[in-house]
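**Student:** What follows is a single structure, and I will ask about it in a moment.
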Amino acid sequence: MSSGLEGAAFAADYMYWVGIDTDPAATDDELAEFNEFYASVHFPEVLQANPGFVSATRYRLEAPDPRGDFGPQWLAVYAIRDLAGAERYAVREKDPAAQRPAYTPGPALWKSMSPRWRVMWRQLIAVGQRAAAPESIFLVGMDTPAGASMRDVEEFNAYYSDTHLPEVLLNGNYEAGTRLERYEAFLHRQPDGCPEFCAVYEGEGSAPAGPPPGAPTPGPDSWERRETAWRLRYRRVTDQVVRPEASASARPTTQGEKS
């Protein structure tokens, strides 16, 4: 899984994504207060309260899916060091009787936000020259076709990792790419149901994330009949927050809870 690219937000073995929407009528001052609280208070508390969570970064939706309202306005990405950290969090979340961390109450906009995504991912492959926290990311969520056999899924994954991912990086002028597989989906609205796979393409500055140009190499039948849940472009709004001991040991980046 991990390619040894410690310190890169999307190279962690596991990730937890929290997508939320805020009141569209919020003022600039309210958003500034919300963002400051998220980065300076909530992120450090989440990292401290959840063993294995090593870093956190926030993004804002820049280009929605043209087909509909499929992506949250805000996305918090938490990097989780290993399976133990992911399992520990997932077990607690699925147990109604489990004791959960007590976080500091936020400002008014924080209290009125609407959660849309709470999803944990497992990394399949990570390639390219990565930034610690990329400025711009393009996300593609997809499923294999209904009724796909185990062999179909194997062919889908082999083509996606070995052919399609490198082509997108080259044709789209992206700097890095990561493929993820759904590990746990606690919440995923619009569309209903979290896709099984996700690809993250990192683009910086003059190469903002977006759909790559050019026709890719045709894939197997399981690829050609895939179902794409969403295509979304996000831009970073905060610096990466790193758990102190994680920064000292130069481990991966990103994490979460009801953020």
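The values are calculated or read from the model by the stated rules, or taken from the named source; none is laboratory data. Note that the coordinates shown come from a computational prediction; the quantities given were computed from them, not determined experimentally. Methodologically, a virtual Cβ is constructed for each residue, glycine included, from the backbone with ideal geometry; neighbour enumeration extends over all protein chains shown.
**Student:** Go through the range 192-225 and give me each residue that's charged (D, E, K, R), surrounded by fewer than 21 Cβ atoms within 10 Å (Cβ to Cβ) and modelled with pLDDT of 90 or more.
**Tutor:** Scanning the range 192-225 gives E196, D221, E224, R225.
**Student:** Has the range 88-101 got any residue that is within 18 Å of the chain's Cα centre (by Cα) and closer than 28 Å to A11 by Cα?
**Tutor:** yes
**Student:** Same structure again: Suppose we filter the range 78-113 for residues that are polar (S, T, N, Q) and out of contact with any helix residue (DSSP H, G or I) (no Cβ under 6 Å at 6 or more places or on another chain); how many remain?
**Tutor:** Matching residues across the range 78-113 total 2.
**Student:** Conditions: (1) at pLDDT below 95; (2) within 23 Å of G71 (Cα to Cα). Q123 meets all but one. Number of the miss?
**Tutor:** Here Q123 meets the rest and fails (1).
**Student:** Is it the case, given these coordinates, that F53 is surrounded by fewer than 22 Cβ atoms within 10 Å (Cβ to Cβ) and either of a type in the set (A, V, I, L, M, F, W, C) or modelled with pLDDT under 95 (or both)?
**Tutor:** no
**Student:** Go through the range 10-60 and report how many residues are of a type outside the set (G, A, S) and not in a strand (DSSP E or B).
**Tutor:** So the answer is 26.
**Student:** Quick one: how many residues across the range 5-41 are closer than 24 Å to E93 by Cα and touching an Asp or Glu at 6+ places or on another chain (Cβ under 9 Å)?
**Tutor:** So the count comes out to 9.
**Student:** Let me ask something else. Test each condition in (1) under 18 Å from E184 (Cα atoms); (2) of a type outside the set (A, V, I, L, M); (3) in contact with a Ser or Thr (Cβ under 8 Å, 6 or more places away or on another chain) for R58 and report the one that comes out false.
**Tutor:** (1)
Residues are listed down the side, and each one gets a yes or a no for (1) of a type in the set (D, E, K, R); (2) closer than 30 Å to D28 by Cβ; (3) in contact with a strand residue (DSSP E or B) (Cβ under 8 Å, 6 or more places away or on another chain):
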{"site": "E87", "(1), (2), (3)": "yes, no, no"}
{"site": "R100", "(1), (2), (3)": "yes, no, no"}
{"site": "Y103", "(1), (2), (3)": "no, yes, no"}
{"site": "P107", "(1), (2), (3)": "no, yes, no"}
{"site": "W117", "(1), (2), (3)": "no, yes, yes"}
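**Student:** Turning to a different aspect of this structure: Taking the criterion of being among the hydroxyl-bearing types (S, T, Y) and within 13 Å of the chain's Cα centre (by Cα), would at least one residue in the range 131-154 satisfy it?
**Tutor:** Yes, the range 131-154 contains a residue that is among the hydroxyl-bearing types (S, T, Y) and within 13 Å of the chain's Cα centre (by Cα).
**Student:** Identify, from the list G177, G203, the residue that is farther than 22 Å from D82 by Cα and not β-branched (V, I, T).
**Tutor:** Exactly one residue qualifies, and that residue is G203.
**Student:** Then there is this: Just name the residue that is surrounded by the most Cβ atoms within 10 Å (Cβ to Cβ) out of those in the range 226-249 that are more than 20 Å from the chain's Cα centre (by Cα) and modelled with pLDDT under 90.
**Tutor:** Among them, the one singled out is S247.
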